[in-house]
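Heads up, the thing below is written out as structure tokens.
The values are calculated or read from the model by the stated rules, or taken from the named source; none is laboratory data. As the structure is a computational prediction, the values presented were derived from the model and not from experiment. Cβ: placed from backbone, ideal geometry, glycine included. Neighbour counts: every protein chain shown. Just so you know, the surface numbers come from the protein's heavy atoms only, side chains and all, with ligands and any DNA or RNA stripped out. Shrake-Rupley method; radii C 1.70, N 1.55, O 1.52, S 1.80 Å.
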Amino acid sequence: MTDEDQQERVNSIDPGSAAVDTAAGFQGEPAAGDSRPVSEPPASEPAPPEAAADRHPATGAMSAERLAMKALEARLLGGERKLRRREVAAGAGLSLLSARKLWRALGFPNFGDDDVAFTERDQAALSTMVDLVRAGKLTEEAAISVTRAIGQMTDRMVVWQIEALVEDMVHEQGVTDAVARKRLVNELPALVDALEEVLVYSWRRQLNAGVQRLAVRAEAGLQASEEGREGDEDDAPLPLARAVGFADLVSYTSLSRRMNEKTLARLVQRFENKCAEIISVGGGRLVKTVGDEVLYIAETPAAGAEISLALAEAFTADEILPEARVAMVWGRILSRLGDIYGPTVNLAARLTTLADPGTVLVDSMTASALEHDERFVMIPQDPENVRGFGEIKPVRLTRGRGKGLVLD
């Protein structure tokens, strides 16, 4: 713990302060220990370097690029940065320690006491989360977890969006990457409102779908997974039944070493786009991609099987991408932090390494769940010793009757 953190913790539990950072830390008032009024800067405080430079630029006027960046920042942040961190925390009725918990959950960098880094919108957002705790709608722990989800997901989202826009400008306008990144500041204002509207729309749709998957249909999924189980399996205590699949591109590492930046970017984007399309059409969910591998889930073994076969077939037929090894296991999982955990996930990962290029492997229990479905044919393979699982009996999954997934 830093000296600053220690001082803040002392401040937050000072007997003369109403802020107590316990399990109900968001209930209190701003921390004691800062003798100056929260609304006034210290008399001797120097102006931030950037602010001083803006008021007295060497040339007498800010450049067009600088003006555009300041205008965009004011629009995105809801105004000019005028507040210090203690002022924002005090305005929300929080100790600085509690405020920093939420800011860190959002992924914000550390700011010093003298940094003028916040706007009134920052204070309003902080108050919104705190009010949920004070009203008893969320515990402090849940508020921090939900806030961290927002921070991590939006961080990844904006990086993805910026890179997509830059790449498009390079291609369409024939400029260099560096020039495109500078031009983006002028291009974004025309896009902000539309992107925000689609973000909120998508969040509401995804939240509705998530409630259906993770709450309304959860019990039915567990009941459907009972067949063929003894009740003492390693994953028995876990709360969700899912088909868990991995798809892994063959020879990706050696291919990437021979590619330039542009070709590698096209390959990665093509891989992710194709996976996302197939998994979505199959009614599954893409959990994450890690380099040359994608992790996905589906609510039934049949849906997982259809997605797995479609992925293997799509990469085999693709003229650019290499073939993929695919594996799928029907079992129980724990869903946390936007990811999934448990023995089912580990077994699916192990089976992926055993699959031949262009094929799909499942375990014997998953094969039993699919054996009466005429859309699939199971071909038993030789037993394998798998680290952490001992001897298992993999089964190759192939297509039976029917067309499989139909992609538009």
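Inclusion of Leu195 among residues that are under 28 Å from Asn273 (Cβ atoms), at pLDDT 95 or above and surrounded by fewer than 16 Cβ atoms within 10 Å (Cβ to Cβ) is warranted. Here segment 369-383 is the region considered, the condition is being touching a helix residue (DSSP H, G or I) at 6+ places or on another chain (Cβ under 6 Å) and part of a strand (DSSP E or B), and the residue that is surrounded by the fewest Cβ atoms within 10 Å (Cβ to Cβ) is Met378.
Suppose we filter Arg387, Arg396 for residues that are of a type outside the set (Val, Ile, Thr), open to solvent by 20 Å² or more (accessible area, probe 1.4 Å) and modelled with pLDDT of 95 or more; which single one remains?
Criteria check complete, one pass: Arg396.
If only residues of segment 320-337 that are of a type in the set (A, V, I, L, M) and open to solvent by 20 Å² or more (accessible area, probe 1.4 Å) are counted, the one that is farthest from the chain's Cα centre (by Cα) is Ile320.
Would you confirm whether any residue within segment 333-349 is touching a residue at least 40 places away in the same chain (Cβ under 8 Å), in contact with a helix residue (DSSP H, G or I) (Cβ under 6 Å, 6 or more places away or on another chain) and under 28 Å from Pro383 (Cβ atoms)? Even if it seems obvious, please write down each step before you answer.
Let us first name the residues in segment 333-349 that are touching a residue at least 40 places away in the same chain (Cβ under 8 Å), namely 333-335, 337-340, 342-349.
Restricting the remaining residues to those that are in contact with a helix residue (DSSP H, G or I) (Cβ under 6 Å, 6 or more places away or on another chain) gives 333.
If we keep only those that are under 28 Å from Pro383 (Cβ atoms) too, we end up with 333.
Yes, segment 333-349 contains a residue that is touching a residue at least 40 places away in the same chain (Cβ under 8 Å), in contact with a helix residue (DSSP H, G or I) (Cβ under 6 Å, 6 or more places away or on another chain) and under 28 Å from Pro383 (Cβ atoms).
Scanning segment 284-298 for residues that are modelled with pLDDT under 90 and within 15 Å of Ala209 (Cα to Cα) turns up nothing. With respect to Ile340, is the statement that it is within 18 Å of Gly221 (Cβ to Cβ) and either within 32 Å of the chain's Cα centre (by Cα) or open to solvent by 30 Å² or more (accessible area, probe 1.4 Å) (or both) true? It is true that Ile340 is within 18 Å of Gly221 (Cβ to Cβ) and either within 32 Å of the chain's Cα centre (by Cα) or open to solvent by 30 Å² or more (accessible area, probe 1.4 Å) (or both). Close Cβ contacts (under 7 Å, 6 or more residues apart or on different chains) running from residues in segment 312-326 that are within 11 Å of Ala247 (Cβ to Cβ) and among the small types (Gly, Ala, Ser) to residues that are open to solvent by 20 Å² or more (accessible area, probe 1.4 Å) and assigned to a helix (DSSP H, G or I) comprise Ala314/Lys274.
Do we find that Trp160 is open to solvent by 70 Å² or more (accessible area, probe 1.4 Å) and part of a helix (DSSP H, G or I) in this structure? Let's see the steps before the verdict.
Details: open to solvent by 70 Å² or more (accessible area, probe 1.4 Å): yes; part of a helix (DSSP H, G or I): yes.
So Trp160 fits the description; yes.
May I ask you to list the residues in segment 163-186 that are exposed (fewer than 13 other Cβ atoms within 10 Å of the Cβ), touching a helix residue (DSSP H, G or I) at 6+ places or on another chain (Cβ under 9 Å) and either on the phi > 0 side of the Ramachandran plot or in a loop (DSSP other than H, G, I, E, B) (or both)? Listed by number, the list holds a single entry, Thr176. The number of residues in segment 298-308 being aliphatic (A, V, I, L, M) and open to solvent by less than 10 Å² (accessible area, probe 1.4 Å) comes to 3. Look through segment 126-157, keep the residues that are in a helix (DSSP H, G or I) and among the basic types (Lys, Arg), and return whichever of them is nearest to Arg100 (Cα to Cα). Top of the filtered list is Arg148. Considering the conditions (1) at pLDDT 90 or above; (2) assigned to a helix (DSSP H, G or I); (3) exposed (fewer than 13 other Cβ atoms within 10 Å of the Cβ), Ile278 is excluded by exactly one of them, (3).
For segment 241-253, filtering for residues that are open to solvent by 50 Å² or more (accessible area, probe 1.4 Å) and at negative phi leaves 1.
Can you tell me which residue in segment 64-88 is nearest to Leu184 (Cα to Cα), limited to those that are touching a strand residue (DSSP E or B) at 6+ places or on another chain (Cβ under 9 Å) and assigned to a helix (DSSP H, G or I)? Give the steps one after another, and end with the answer.
Taking segment 64-88 first, the residues touching a strand residue (DSSP E or B) at 6+ places or on another chain (Cβ under 9 Å) are 77, 81-85, 87-88.
Subsequent filtering for residues that are assigned to a helix (DSSP H, G or I) retains 77, 85, 87-88.
Values: Leu77: 17, Arg85: 30, Glu87: 33, Val88: 31 Å.
Only one residue tops the list, namely Leu77.
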